[in-house]
Amino acid sequence: MSTGRGSFTNRLGFIAAAAGSAVGLGNIWRFPYEVGNNGGAAFVVIYLCCAFLLCFPIMVSEIAIGRRTTLNPYGAFTTLSSKRWGIIGVVGVLCGFMILSFYNVVAGWAFGYFLHMVAGDFDVAKDFVGYTTDFWDNLFFSMTFMVATALIVSGGVQKGIEKWSKILMPALVAILVFLIIYALTLNNAWSGIEFYLIPKFDQISARTVYTALSQAFFSLSLGMGALITYGSYVSKNENIVSSAAIVTLSDTTVAFLAGMMIFPLVFFQGLQPSAGPGLVFVTLPGVFETMGPVMGPLIGGAFFLLLCFAALTSTVSLLEVPVAYAVDERKWPRKKAVWVLATIIFIIGLPSMFSTGAVDFFTNFIRYGGSTHDFLSVVSDVFSDALLPLGGFMISIFTAYRWKTLNLSEELAMGYPGYKGSFIEMFINVMISFVCPLIIGSVFIITVLQKFIGITIF
Ligand code: TRP
């Protein structure tokens, strides 16, 4: 292992950090509203197929590429091949920048909601727009969140990322379980569960499929080299395949459980699950309000604290990608890299902060695919929904046809003696060489046609 750049103490350290990266706003904020918008259980089924069949082999490849090279994504691709392939790494680092810029804004809302909930001055009548257009509030909340992220990342791999993941993840699970138990005792909880778990397959369209795939990439932190970066801190005697399986399982379990908490809450008040991004920030606060002056702040506060904890270990992994790049390639000291990059990313995020009504120019930023989009949605559409699957496609092509599955197998066999010749080896190789490129590539093209150009496929 290279020494100067840091490493995880052991397998648990890596799993906590990688699961921390995966479990985030994507699970608790985005997944439930995508389910609500895309017809419920049928979406859940497609999502699970994407995660376990298509994304898992890519996760394994990312971690293997990182561990083989002990470098950031750009350094990793160039070391294993040539400068030309380094472009995948450069785009990945850029995605880290841009995704964090808007992610931190949403995390800031969660933090603000949490503070207002526990202070007891949360006002539902003020609603989402009321909160997100309050300039100074938002500036303060998202700046605080970015500072917390930077403090953790500047602590380094073991004393920052790993240590905090091991504290925040168990806390998150405890709050989640508490909230699910409470939600299931509410009236009408069962109709929420029914909507969530009984599939109606006639509701599947091209949109369901590409939304599920983008969501799986985003939720598993794939396609931009976050797991190449974390993989570069993993020691040679650890089993990558089983660690990746645990991370995939933890992430999908938390997303699944978030649905078990949110849909009963929504149906308890007879509300609609299809509110879109406002599901968590508009619909749920309305539900908390009806719980009275004691239970409301308690349940609402617990919910938004959960959201903050989930977001924090994710913002940490997003910041770590450009930081690792600056440390490896530019030889910057970690602390300098952290504070310079966090500041730049925060500034890039300002237009996203203004795009929910504060500044009209950013709120009605651009038209494509038949509707007007605000700045935050544009950044998310481009850098997350389109570029992450494209990155996943490139990573599978790279692994199969440039680095070659032979080398992948060799790397994976370290820490997993029985790997060569096993069924799982065959599965990973077939998926990464044929199935992933084909399906992810096609879905990427469909996403671009339908989402950006407005051509409906099916
Ligand atoms: N997976 C996180 C979530 O679901 C977001 C995230 C963190 C991410 N790091 C990433 C997404 C890297 C893509 C790539 O909230």
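All of the numbers you see were taken from the coordinates with simple rules; none came from a lab. Computed from a predicted model, the values in this text were never measured in an experiment. Backbone-built Cβ (ideal geometry, glycine too); neighbour counts: all protein chains shown.
Once the piece of chain linking Asn188 and Leu249 is laid out straight, how much longer is it, given 0.36 nm per residue of separation minus the C-alpha distance between them? Each step should come with its number before you reach the end.
Numbers: separation 61, 0.36 × 61 = 21.96 nm, distance 2.88 nm.
So the chain would gain 19.1 nm between Asn188 and Leu249.
About its Cα centre, what dipole magnitude does region 71-220 give when the only charges are +1 on Lys and Arg Cβ and -1 on Asp and Glu Cβ, stated in debye to the nearest 20? Walk me through the intermediate numbers first.
Values: 8 positive and 8 negative charges, 159 e Å.
With Lys and Arg at +1 and Asp and Glu at -1, about 760 debye.
Within a 10 angstrom radius of the beta carbon, how do Asp127, Asp360 rank from fewest other beta carbons to most?
Asp360, Asp127
If you fit an axis through the alpha-carbon atoms of helix 135-154 and take the longest principal axis of the Cα set of the chain, what angle between them do you get, 0 to 90°, nearest 10?
30 degrees
Order by neighbour count: Ser82, Ser242, Ser21, Ser221, fewest other Cβ atoms within 10 Å first, most last. Numbers along the way, then the final one.
Numbers: Ser82 10, Ser242 14, Ser21 26, Ser221 32.
So the ranking, lowest neighbour count to highest, is Ser82, Ser242, Ser21, Ser221.
Would you please give the residues with an amide H less than 5 Å from that of Tyr368, counting only those at least 5 places away or on a separate chain, with H modeled from the backbone geometry?
His373
Any idea which of Val129, Phe217, Phe178 is furthest toward the positive side of the dipole for the chain, if Lys and Arg beta-carbons carry +1 and Asp and Glu beta-carbons -1?
Phe217
Tabulate in residue order the Karplus-calculated ³J(HN,Hα) for region 357-367, using 6.51 cos²θ - 1.76 cosθ + 1.60 with θ = phi - 60°, rounded to whole Hz; enter x for Gly and Pro.
x, 5, 10, 4, 4, 7, 6, 10, 6, 7, 10
Does region 277-391 come out rounded, prolate or oblate, given a ≥ b ≥ c as the square roots of the eigenvalues of its C-alpha gyration tensor, rounded meaning a/c under 1.5 and, failing that, prolate meaning a/b above b/c?
oblate
Taking the Cα centre of region 326-458 as origin, work out the dipole magnitude from +1 charges on Lys and Arg Cβ and -1 charges on Asp and Glu Cβ, in debye rounded to 20.
Charge dipole, region 326-458, about its Cα centre: 380 debye, nearest 20.
Helix 206-219 against the longest principal axis of the chain: what's the angle in degrees, Cα atoms only, rounded to the nearest 10?
Its long axis makes an angle of about 70 degrees.
Once the Cα gyration tensor of region 84-153 is diagonalised, what are the square roots of 5 times its eigenvalues, in whole Å and ordered largest first, as equivalent ellipsoid semi-axes?
32, 13, 8
Helix 56-69 versus the longest principal axis of the chain: what is the Cα-based angle in degrees, 0 to 90, to the nearest 10?
Helix 56-69 sits roughly 50 degrees off the main axis of the chain.
Please state the relative contact order of the chain as a whole percent: Cα pairs under 8 Å, 6+ residues apart?
Working: 767 pairs, mean separation 146.1, N = 458.
RCO, the chain: 32 percent.
Using Cα-Cα distances under 8 Å and only pairs 6 or more residues apart, what relative contact order does region 150-309 have, in percent? Don't skip to the answer; put the middle values down first.
Values: 92 pairs, mean separation 57.4, N = 160.
That works out to 36 percent.
For region 299-321 and region 99-178, what is the separation of their Cα centres, given in Å?
Cα centres, region 299-321 to region 99-178: 6 Å.
Suppose a student asked you for the relative contact order of region 278-389, using Cα pairs under 8 Å spaced at least 6 residues apart; what percent would you report?
11 percent
Roughly how many debye, to the nearest 20, is the charge dipole of the chain about its Cα centre, given +1 on each Lys and Arg Cβ, -1 on each Asp and Glu Cβ, and no other charges? Don't jump to the answer; show the numbers that get you there.
Working: 24 positive and 23 negative charges, 314 e Å.
Once rounded to the nearest 20, the dipole reads 1500 debye.
Under a crude label model (7 Å from the Cα following the beta-carbon direction), how far is Phe458 from Lys331 in nanometres?
Roughly 5.6 nm, to one decimal.
Once label points are set 7 Å from the Cα along Cα→Cβ at both Glu410 and Ser205, what is their separation, rounded to one decimal in nm?
The answer from the label model is 4.9 nm.
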